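Reading through the structure tokens given below for one structure.
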Amino acid sequence: MRRSRRRPTARWHLDEMAARIGGQRMWLWRAVDDEGEVLDVLVQKRRNKAAALKLFRKLLRNQGVRPQSIVTDKLASYRAAAKILGLAGRHRPGGMRANNRAENSHLAIRRRERKQQKFKSQGSAQQFLSAHAAVYNVLNLQPHLIRRSTLRLFRAEAHRTWAMATAAAA
């Protein structure tokens, strides 16, 4: 499913949230583009420069696109990681409203987390969240932004992609 999706936009939004996994507090790092497509998810034990650096490197390696701007909250770890990778000129630390795109992408995970009574291990959380992000990207069509006829075409394409992905997995 990841191979079939289009290239991300050049403006990325990064954010982290706390989650209880196996009774321990872990940090769920998430990156989305301007259109709400989930670029990557990373589950880490710490909220520091090393974790931010790992997320940046994973994003740059897997996306194949260098971002024009990276919008984050004011966490100093992002600034330090961007400086190491030479992205300091593209980094835009903003307040909560500047990063609403990433903040809102956490909502689906919070709903899933409640329904499943939390995650049991860091590995299973990483595996589920990565798969969930791919499925979410295929099925999230934002119907309020497009005409009904276009939405029908997009849904048909999403269902074809889903059918191909599930047939390949079986």
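The values are calculated or read from the model by the stated rules, or taken from the named source; none is laboratory data. All figures in this text were calculated on a predicted structure; none of them were measured in a lab. Cβ: placed from backbone, ideal geometry, glycine included. Neighbour counts: every protein chain shown. The protein model used for the area step is the full one, side chains on, heavy atoms only, and it has no ligands, DNA or RNA in it. Shrake-Rupley method; radii C 1.70, N 1.55, O 1.52, S 1.80 Å.
Looking at the range 139-156, is at least one residue open to solvent by less than 90 Å² (accessible area, probe 1.4 Å) and modelled with pLDDT under 65?
The answer is yes, given that some residue of the range 139-156 is open to solvent by less than 90 Å² (accessible area, probe 1.4 Å) and modelled with pLDDT under 65.
Provide a single number: the residues in the range 38-84 that are assigned to a loop (DSSP other than H, G, I, E, B) and surrounded by 19 or more Cβ atoms within 10 Å (Cβ to Cβ).
Count: 1.
Contact list please: Cβ distance under 6 Å, first residue in the range 74-97 and at pLDDT 90 or above, second residue open to solvent by 40 Å² or more (accessible area, probe 1.4 Å), pairs at least six apart or on different chains.
Every condition considered, the pairs that remain are S77/N48; S77/K49; A80/K49; A81/K49; A82/A88.
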